[in-house]
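Only one structure is covered here, and it is reproduced in the block below.
The values are calculated or read from the model by the stated rules, or taken from the named source; none is laboratory data. Every value quoted in this text rests on a predicted model; they were computed, and no experiment measured them. For neighbour counting, all protein chains shown are included, and Cβ atoms are generated from backbone atoms with ideal geometry for every residue, glycine included.
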Amino acid sequence: MRLLDEPVRLDSDFSGNPHAFYERLRAESPVRQAVMPRGLKVWLVTGYADAKALLADPRLSKDNNRARELFQANSNNTNGPVFASSLASHMLNMDPPDHTRLRKLVNKAFTARTVARLRPRIEQIADELLESIATTGRVDLLDAYAFPLPITVICELLGVRTEDQEKFRTWSNTILSSGAPEQLQASSTALAAYLAELVAAKRAEPTEDLLSDLVHVSEEGDQLSEVELISMAFLLLVAGHETTVNLIANGVRALLERPAQLEALRADPALLPGAVEEFLRFDGPINVATLRFTVEPVRVGEVEIPAHQFVLVSLLGANHDPARFPDPGELDVTRPTGGHLAFGHGIHYCVGAPLARLEAEIAIGKLLARFGTIELDGAPGELRWRDSTLIHGLETLPVRLG
């Protein structure tokens, strides 16, 4: 076997500097076998054209039950899947027609028009958070601003108690990490139990929130089962804050390391919506799309991926493909928008994309308007990325405000 054919390892070096990793793979072998931290073998796809095609290819399945069987057959990890099964039975892990049914039930909550009505409340939350840090001088912007804004919004939207938000954050961070299976299993079980209690409470006493609506919603006589409700709540809570937390923090970091781009955005706030699209492309919050597997052999470029193989589509890699984006390693807040894959593509395109865009636009816009100077508190090289194959996000973002 040639060295080029050997699987690459998706370890901490990979999560710490994925762009350099993907640049090498796109040049050497844009479709390559890889080994995930817990031993699962996958095919990793890093080019834009291939990635976009595969994200919408019906020959790649996301059926959770079949995926769990394949996991057992292909992983070196004898412990098996670490998620509680009630958390994994959501629409992101389903194919049509089951996916179509669940997506239809939740779509109306996240239309651009529905999300736009949340703007005043999101602006109020941002103002309150900025007021609380205005006199500190130095702050971890991720902990004090980028996290509490979207978690407050999604928890209010779903009807989660304010006092439970920090507990939920701990569970979520653990579940999305590359940590020990025992830790992931414990957090998964605790979160599943919490969400089961929350669903039961909404069923007994509905309130004005999305989760209550989902408990009681009926679309042509169809309703969500108990397991579907728990897993839907999990998906919306995790995806509803993790994406935006890291979009805000990664975007601010990119600006602070490029003062000319920061000043361009300050000079013309009308650039903000387009700048958010560039933040998504340049350093998006999701590293790779969630697992798919082939139901038949699939040719990708010069490689044929056999049937019943897991496939990871790299969103970060695709968004830095020079064949699609000129000078992809350069941040340009005036770059023509559109085309990036940060929210995926096809039927699994992120249902919460309009909300994430709005929150990032408000959060970054208000931050720049509130403080005349914002600087990294320390050298850029001291920032550390989370140890996660899925999430591309910082552990902390220390800044000085003036």
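If the Cβ limit is 8 Å and pairs must be 6+ apart or interchain, which residue in segment 1-26 that is closer than 14 Å to residue 288 by Cα pairs with which residue that is loosely packed, with under 12 Cβ neighbours inside 10 Å and modelled with pLDDT under 90?
21/13
Look at segment 355-383 and say how many of its residues are among the hydrophobic types (A, V, I, L, M, F, W, C) and in a helix (DSSP H, G or I).
Taking segment 355-383 and keeping what is among the hydrophobic types (A, V, I, L, M, F, W, C), we get 355-356, 358, 360, 362-364, 367-369, 371, 374, 376, 379, 383.
The next check asks that each one be in a helix (DSSP H, G or I); those that pass are 355-356, 358, 360, 362-364, 367-369.
The number of residues fulfilling the criteria is 10.
Which number in (1) of a type outside the set (Gly, Ala, Ser); (2) crowded, with 17+ Cβ neighbours inside 10 Å; (3) farther than 14 Å from residue 145 by Cα marks the one condition that residue 366 misses?
(3)
For (1) part of a helix (DSSP H, G or I); (2) crowded, with 19+ Cβ neighbours inside 10 Å; (3) not basic (Lys, Arg), each residue gets a yes or a no:
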site: 13; (1), (2), (3): yes, no, yes
site: 34; (1), (2), (3): no, yes, yes
site: 51; (1), (2), (3): yes, yes, yes
site: 69; (1), (2), (3): yes, no, yes
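Within the set of pairs 6+ apart or on separate chains, which have a first residue in segment 173-197 that is over 21 Å from residue 163 (Cβ atoms), a second that is assigned to a helix (DSSP H, G or I) and among the small types (Gly, Ala, Ser), and C-beta atoms under 8 Å apart?
178/12; 178/15
Could you list all residues from segment 105-125 that are part of a helix (DSSP H, G or I), modelled with pLDDT of 85 or more and charged (D, E, K, R)?
Selection gives 119, 121, 123.
Can we say residue 90 is modelled with pLDDT of 90 or more, of a type outside the set (Lys, Arg), surrounded by 15 or more Cβ atoms within 10 Å (Cβ to Cβ) and in contact with a Leu (Cβ under 9 Å, 6 or more places away or on another chain)?
On the way: modelled with pLDDT of 90 or more: no; of a type outside the set (Lys, Arg): yes; surrounded by 15 or more Cβ atoms within 10 Å (Cβ to Cβ): yes; in contact with a Leu (Cβ under 9 Å, 6 or more places away or on another chain): yes.
It is false that residue 90 is modelled with pLDDT of 90 or more, of a type outside the set (Lys, Arg), surrounded by 15 or more Cβ atoms within 10 Å (Cβ to Cβ) and in contact with a Leu (Cβ under 9 Å, 6 or more places away or on another chain).
Which condition number does residue 276 fail, the rest of (1) over 25 Å from the mean Cα position of the chain (by Cα); (2) farther than 18 Å from residue 47 by Cβ being met?
The one condition residue 276 does not meet is (1).
Restricting the first residue to segment 84-111 and requiring it to be closer than 23 Å to residue 59 by Cβ, which pairs with a second residue that is at pLDDT 85 or above and hydroxyl-bearing (Ser, Thr, Tyr) meet a Cβ separation below 7 Å and a spacing of at least six or different chains?
88/231; 89/231; 90/231; 92/290; 95/61
I'm told residue 350 meets every condition in (1) of a type in the set (A, V, I, L, M, F, W, C); (2) in contact with a Ser or Thr (Cβ under 9 Å, 6 or more places away or on another chain); (3) farther than 24 Å from residue 386 by Cβ except one. Can you identify the failing condition by its number?
(3)
When you look at residue 323, is it surrounded by fewer than 16 Cβ atoms within 10 Å (Cβ to Cβ) and small (Gly, Ala, Ser), yes or no?
Working: surrounded by fewer than 16 Cβ atoms within 10 Å (Cβ to Cβ): yes; small (Gly, Ala, Ser): yes.
Considered against the rule, which asks whether it is surrounded by fewer than 16 Cβ atoms within 10 Å (Cβ to Cβ) and small (Gly, Ala, Ser), residue 323 comes out as yes.
For segment 43-60, enumerate the residues that are over 16 Å from residue 322 (Cβ atoms) and either among the aromatic types (Phe, Trp, Tyr) or modelled with pLDDT under 95 (or both).
Residues of segment 43-60 that are over 16 Å from residue 322 (Cβ atoms), as a first pass: 43-45, 53-60.
Across segment 43-60, the qualifying residue is only 43.
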